[in-house]
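The values are calculated or read from the model by the stated rules, or taken from the named source; none is laboratory data. Because the structure is predicted, anything quoted here is derived from the model rather than measured. So basically every Cβ, Gly included, is an ideal-geometry build from the backbone, and we count neighbours across all protein chains shown. Each accessible area value is taken on the protein alone, full model and side chains, heavy atoms only, with ligands, DNA and RNA left out. Shrake-Rupley method; radii C 1.70, N 1.55, O 1.52, S 1.80 Å.
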Amino acid sequence: MPPKTPRKVAPKPILQSAAEKDAPVANGSPVNSPKEVSPIPIKKRALSEVVETTEKQDEPVGKKTKNSSTTPTKDSPISPRFPSPADQPASKHDQETWQGFCEIESNPEYFSVMLREMGVQGVTVRDLYSLDSATINTLPQPIYGLVLLFRAREVASEKQEEECPANVWFSNQLPGHNSCATLAMLNTLLNHDGIVDIGENLRQFKEFTSTMTPYQRGETLASFDFVKNIHNSFAKKLDIYEDDKHLAYKVARSEQRKKLGIKSKRCGSEESIDSNASFEDSAHHFIAFVPIDGEVWKLDGMDGQPTCMGDYDAEDTDDWLTVASEHINLIMAAGDNDYNVIAIAQAPLARLRSEMSETVATFKYAKKRIATLNTDWASFLPAPEPGIDPAEPITPTMLESIGVFEDMLAKATVSPDVTKMIDCEEFPNLLERCSKLCGEQMRLRELIFTEMGNEEEENQKASERRLDMGPVIKKWLEMLAENGWLEANMERFMPDDPKKKVAAKKGGNILDAHEDNTHDTRTIGRFQASCLA
């Protein structure tokens, strides 16, 4: 029986009225609209009544009972259809009702947007093209974890812990769910709570699952609508159909293997990776490498337990990256060349805004000191830009526009060493210091504007990725078929077939030798790509 969910987290759906169910969603919880709330008072029902009502709702639409009515009343709520018609894009109701997790390609822009929507503050995801120290140092620092995308296979499975340590938060990935990208990010960031602001929803989720086993955490995550709805906001209609079809195939194959007495193995394990067929069937999979209390942990949702990969010097922030990089290189060297590595790091905006707050605080302290020496000190400084007052290059309004608010300025402090130097400096040195601080504020302002623009581009890319163009392409192909272009040009997009060449040389019937290729999915893919080009 699933664990009882506290009201503050509510990862499992609760019973709702029809009006509440259709209400807009904010932060993973339904928001009641005054116009949509039913005026009928809610009456507590016995468990038997709830079960009876649920059974009636689960009956097929076409099935009628003695008490069923075929004529809806004026006030009867109309539930959205799931799935929506095939010729329409995936609706929000489709994405939120579907019980699976869609595949999401390894794109750091999408992952950064997802984390911000989950409430995580000050974190970005970046591609890592090489694991050498020079390349790693070009990324924003600090780095909270590395995520490897590779052809799924068992890696160091014999080194797994017997049970998950108390200081490691680790969750399994449920079979049939393509949630490994989201899970890898959660397995990383929930182990940095306190260092990273993971947001109220994830913080409550971590607290609620703190005493659970990894598998129980995976079950809870699978029903945590707040995270699942953000993940599946990238799902398209074809994604839903294909994933359900593939899952049905895997279930049927599993049942067939059981009947034949064949023991199931994890796809792509060391025992099965030698077969080309099994290798091609191996799906891409995300796993995380995370530093936790002086140890580097491999957190693979398909493993039963986490795996410690070695110790590192906690005082050396780069040492854990060296340990993780060595193990990632070993994994890549033992397989193919189909890999990708991303880094989960502190967002530049968080660091830049912190630097701006400290610079403003230092500038204020320096202004106060230099004013005691010469009240007209600002007249000795050139304007950093036309129309900019050197005594206040960044106004409070400008600071708010770049995300630096009063609470951040109030927390900013000037180091004792700097205050000591300012207190001892004479007017010329103070004037030079104020000039540099003025220029530093202008530099930070431009960098913050640039990073804000980058975040806006990430949001735009994620918005474009969420558009479901499948119905448009389908309609386009139907129009091409109607006007004859499809039939006249299909041969151009057929894959090469040795049988076709042999038949041509012998003067045989080319169509007979090529008949099986008309349904090749790669042919359709190449044709669609050509049309889009």
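Collect the residues in region 295-313 that are touching a Gly at 6+ places or on another chain (Cβ under 9 Å) and in a loop (DSSP other than H, G, I, E, B), keeping them in residue-number order. Before the answer, list the steps.
Filtering region 295-313 for residues touching a Gly at 6+ places or on another chain (Cβ under 9 Å) gives 295-296, 299, 301, 311-313.
Gly301, Tyr312, Asp313, listed by residue number.
Does Arg126 qualify as being in contact (Cβ under 8 Å) with a residue 60 or more places away in the chain and either under 18 Å from Ala283 (Cα atoms) or not assigned by the TED database to the domain that holds Pro108 (or both)?
Working: in contact (Cβ under 8 Å) with a residue 60 or more places away in the chain: yes; either under 18 Å from Ala283 (Cα atoms) or not assigned by the TED database to the domain that holds Pro108 (or both): no.
No: the conditions fail for Arg126.
Please state which of the following conditions Val168 fails to meet, knowing it meets all the rest: (1) within 19 Å of Arg351 (Cβ to Cβ); (2) open to solvent by less than 20 Å² (accessible area, probe 1.4 Å); (3) assigned to a loop (DSSP other than H, G, I, E, B).
Result: Val168 passes all but (1).
Out of the residues in region 454-476 that are basic (Lys, Arg) and either closer than 19 Å to Thr375 by Cα or part of a helix (DSSP H, G or I) (or both), which is most open to solvent (accessible area, probe 1.4 Å)? Explain how you work it out, then say what you get.
Restricting attention to region 454-476, the residues satisfying the condition of being basic (Lys, Arg) are 461, 465-466, 474-475.
Cutting the leftovers down to either closer than 19 Å to Thr375 by Cα or part of a helix (DSSP H, G or I) (or both) gives us 461, 465, 474-475.
Details: Lys461: 91, Arg465: 27, Lys474: 97, Lys475: 113 Å².
If we take residues in region 454-476 being basic (Lys, Arg) and either closer than 19 Å to Thr375 by Cα or part of a helix (DSSP H, G or I) (or both), then Lys475 is most open to solvent (accessible area, probe 1.4 Å).
Evaluate region 120-137: report whether one residue or more is surrounded by fewer than 16 Cβ atoms within 10 Å (Cβ to Cβ), of a type outside the set (Phe, Trp, Tyr) and in contact with a helix residue (DSSP H, G or I) (Cβ under 6 Å, 6 or more places away or on another chain). If you could, list the steps in order and put the result at the bottom.
Filtering region 120-137 for residues surrounded by fewer than 16 Cβ atoms within 10 Å (Cβ to Cβ) gives 121, 127, 129-130, 132-135, 137.
Next, from what is left, pick out any that are of a type outside the set (Phe, Trp, Tyr): 121, 127, 130, 132-135, 137.
Retained after the next criterion (residues that are in contact with a helix residue (DSSP H, G or I) (Cβ under 6 Å, 6 or more places away or on another chain)): 127.
There is at least one residue in region 120-137 that is surrounded by fewer than 16 Cβ atoms within 10 Å (Cβ to Cβ), of a type outside the set (Phe, Trp, Tyr) and in contact with a helix residue (DSSP H, G or I) (Cβ under 6 Å, 6 or more places away or on another chain).
In region 173-228, what residues are open to solvent by 20 Å² or more (accessible area, probe 1.4 Å), assigned to a strand (DSSP E or B) and over 22 Å from Glu163 (Cβ atoms)?
Across region 173-228, the qualifying residue is only Asp197.
For region 333-342, how many residues are at pLDDT below 90 and closer than 18 Å to Val296 by Cα?
Adding up the residues that qualify gives 0.
Filtering region 314-340 down to residues that are in a loop (DSSP other than H, G, I, E, B) and touching a Pro at 6+ places or on another chain (Cβ under 9 Å), which residue is most open to solvent (accessible area, probe 1.4 Å)? Explain how you work it out, then say what you get.
Step one: filter region 314-340 for residues in a loop (DSSP other than H, G, I, E, B), giving 314-318, 334-339.
Keeping just the survivors that are touching a Pro at 6+ places or on another chain (Cβ under 9 Å) gives 314, 317.
Working: Ala314: 75, Thr317: 100 Å².
Selected residue: Thr317.
In region 379-394, how many are open to solvent by 80 Å² or more (accessible area, probe 1.4 Å) and within 41 Å of the chain's Cα centre (by Cα)?
The total comes to 1.
Hey, any hits in region 269-284 for a residue that's outside any helix (DSSP H, G or I) and at pLDDT 80 or above? It would help to see each step written out before you state the result.
As a first pass, look at region 269-284 and keep what is outside any helix (DSSP H, G or I): 269-275, 282-284.
Narrowing further to those that are at pLDDT 80 or above: 284.
Yes, because at least one residue in region 269-284 is outside any helix (DSSP H, G or I) and at pLDDT 80 or above.
Considering only residues that are out of contact with any helix residue (DSSP H, G or I) (no Cβ under 6 Å at 6 or more places or on another chain), charged (D, E, K, R) and in a helix (DSSP H, G or I), look in region 420-453 and name the one that is least open to solvent (accessible area, probe 1.4 Å).
In this case the residue turns out to be Arg445.
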